Amino acid sequence: MGRIDVISSCLIGTAKGMTMTMSRLELTPWNLQFLLLDPIQKGILFRNPHSKQTLIQHLKNSLSRTLHFFPPLAGRLATTANDDGTATFFVDCNNAGVEFTHAVAIGVSVSDVLEPKYTPEIVSSFFPHNGVANFEGISMPLLGVQLTELADGLFIGCAANHVVVDGTSFWHFFNSWSEISRGLDTISKPPLFKPHGDCIIRVPPLDQIPLQKFVPPPFMERVFHFSKECLANLKSKANLEAGTDKISSLQALSALLWRSVIRCRRRSSMSPGSEACLMIVVGSRARIPLPEGYFGTAVYTAKTKTSEPELLQNGLGYAAMKINKLVSRQSKEAATEFVEEWVKNPRLFKKESGFPFVISSSPWFDVYGNDFGWGKPIAVRSGKGQKLDGKMTVYTSAIAGGIDVEACLAPDTFQAMEDDADFMEALTS
């Protein structure tokens, strides 16, 4: 389907006349755990603005003005060697610049992106920094922006170094850029860069960490839409089965997805009786709590498990209650313990298979409020970074009250889900 032609690429720094507000950002265990992984790649799709003639320069100018409020994004990772053989990483806010790419998708329309059942492969080409690891931010931009023109629309894709931002900070920047693009003189939520904790974090030199080239098993991507009514039904059913009123809509939806994926994998390939694990990405901001506008990375992962027979035989309420209890355990103490233990024993995530079901992102991120001056986006998509079989990325829906789930699964699992009556009934109820 079509092709991508790159028209131009350049580096964008803070606007002339705007002073740099900081020179260095210290990094925490929340940041450093992602050194070996991929950047966050997410973007939004728009119908055609009224005029594209001045659009490129307008976005460059507004991006430059926005970077004044977010100086780490225009910097680079830096490292110093310690006497004990370890390394210390930080962000050098040197205004080296953000990469801005202008591209055209030849022969690709908005309908080509939205109408296929599975996300077309060309969508991954709407993002910069494919195949780049976060630690390469020592020499590469920490933020890459790609504006891709479609026949009747455009896509703004961003790749942000995950050492510097998490999902909350990613959309904080995106929201702020759209405000400046609309003509605001300042942004509604200034970022706060004070790190949590002030100790120097020592990390083993990356060249001493054994790495194997990771080739992910084949997977496809599909976006499932769950309406407000569907979510209400799932929540009601889960709470009724569990005999409680504590289960949220997102927990009930996560339980549905967890059970459906495990059931369909079991039908297609996995042997019965194995362990069923679930991992969630936990935000620490509200749990610590951190100040409003805290910018950086403040997440860790938590998991729960059961056996496949228990998960599949005990119903939606059982699975939802497992998730509810997992979330309930994520307290201030749990978030603080992660940081303290990581300082003692640094652990870097590696690209590898082996954790079969992951829920990430949040339906509370303001995706559809990103009006750059020509209307709100009509869809959100992500790139290939951090993708694997079993990754579920949740977004708010363009239709109020709903949740969209971008699912990455093996082709045979998707086929089994289409034939799975329980899943399809929940999806359409």
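The values are calculated or read from the model by the stated rules, or taken from the named source; none is laboratory data. Small disclaimer: the values here were computed from a predicted structure and weren't measured. Glycine gets a Cβ as well: all are built from the backbone with ideal geometry, and neighbour counts include every protein chain shown. Accessible surface is based on the protein model in full, side chains and every heavy atom, while ligands, DNA and RNA are left aside. Shrake-Rupley method; radii C 1.70, N 1.55, O 1.52, S 1.80 Å.
Annotations
- Residue satisfying all of: in the range 373-386; in a loop (DSSP other than H, G, I, E, B) and in contact with an Asp or Glu (Cβ under 9 Å, 6 or more places away or on another chain); most open to solvent (accessible area, probe 1.4 Å) among these: Lys384
- Counting only residues that are under 23 Å from Phe70 (Cα atoms), hydroxyl-bearing (Ser, Thr, Tyr) and in contact with a Ser or Thr (Cβ under 8 Å, 6 or more places away or on another chain), the range 1-51 holds 3 of them.
- One residue from Asp389, Asp366 being surrounded by fewer than 17 Cβ atoms within 10 Å (Cβ to Cβ) and touching a residue at least 40 places away in the same chain (Cβ under 8 Å): Asp366
- Just one of the numbered conditions (1) open to solvent by 10 Å² or more (accessible area, probe 1.4 Å); (2) under 30 Å from Ala87 (Cα atoms) is not true of Ser64: (2).
- Counted residues, the range 346-363 - those being exposed (fewer than 13 other Cβ atoms within 10 Å of the Cβ) and part of a strand (DSSP E or B): 0
- Answer residue from the range 80-92, given it is of a type in the set (S, T, N, Q) and touching a Ser or Thr at 6+ places or on another chain (Cβ under 7 Å) and is least open to solvent (accessible area, probe 1.4 Å) among those: Thr88
- Residue in the range 387-405 that is assigned to a loop (DSSP other than H, G, I, E, B), more than 30 Å from Leu206 (Cα to Cα), modelled with pLDDT of 95 or more and hydrophobic (A, V, I, L, M, F, W, C) present: no
- Scanning the range 373-391 for residues that are more than 25 Å from Leu150 (Cα to Cα) and among the charged types (D, E, K, R), we see that the one that is nearest to the chain's Cα centre (by Cα) is Lys391.
- Selection within the range 392-422 - among the aliphatic types (A, V, I, L, M), open to solvent by 20 Å² or more (accessible area, probe 1.4 Å) and within 14 Å of the chain's Cα centre (by Cα): none
- Counting only residues that are more than 17 Å from Pro218 (Cβ to Cβ) and either out of contact with any Lys or Arg (no Cβ under 9 Å at 6 or more places or on another chain) or at pLDDT below 90 (or both), the range 347-360 holds 5 of them.
- Matching residues, the range 113-130, being at negative phi and not in a helix (DSSP H, G or I): Glu115, Pro116, Lys117, Tyr118, Thr119, Pro120, Phe127, Pro128, Asn130
- Taking residues in the range 333-346 that are at pLDDT 90 or above, and partners anywhere that are assigned to a helix (DSSP H, G or I), the pairs with Cβ atoms closer than 6 Å and at least 6 places apart or on different chains are Val339/Pro29; Trp342/Pro29.
- Annotation for the range 93-112: no member residue is at negative phi, of a type outside the set (Ser, Thr, Tyr), surrounded by 22 or more Cβ atoms within 10 Å (Cβ to Cβ) and in a helix (DSSP H, G or I).
- Within the range 170-225, tally of residues that are closer than 27 Å to Ala407 by Cβ and either modelled with pLDDT under 85 or open to solvent by 30 Å² or more (accessible area, probe 1.4 Å) (or both): 13
Yes/no per residue for (1) of a type in the set (D, E, K, R); (2) more than 22 Å from Asp185 (Cβ to Cβ):
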site	(1), (2)
Gln33	no, yes
Ser51	no, yes
His58	no, no
Asn61	no, no
Arg65	yes, no
Leu73	no, no
Thr79	no, yes
Asp83	yes, yes
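- For the range 131-161, the candidate set comprises residues that are part of a loop (DSSP other than H, G, I, E, B) and in contact with a helix residue (DSSP H, G or I) (Cβ under 7 Å, 6 or more places away or on another chain); within that set, the residue that is farthest from Leu206 (Cα to Cα) is Asp152.
- Of the candidates Val339, Val343, the single residue that is open to solvent by less than 30 Å² (accessible area, probe 1.4 Å) and over 18 Å from Gly167 (Cβ atoms) is Val339.
- Residue that is most open to solvent (accessible area, probe 1.4 Å) [pool: residues in the range 48-57 that are part of a helix (DSSP H, G or I) and closer than 12 Å to Ile156 by Cβ]: Ile56
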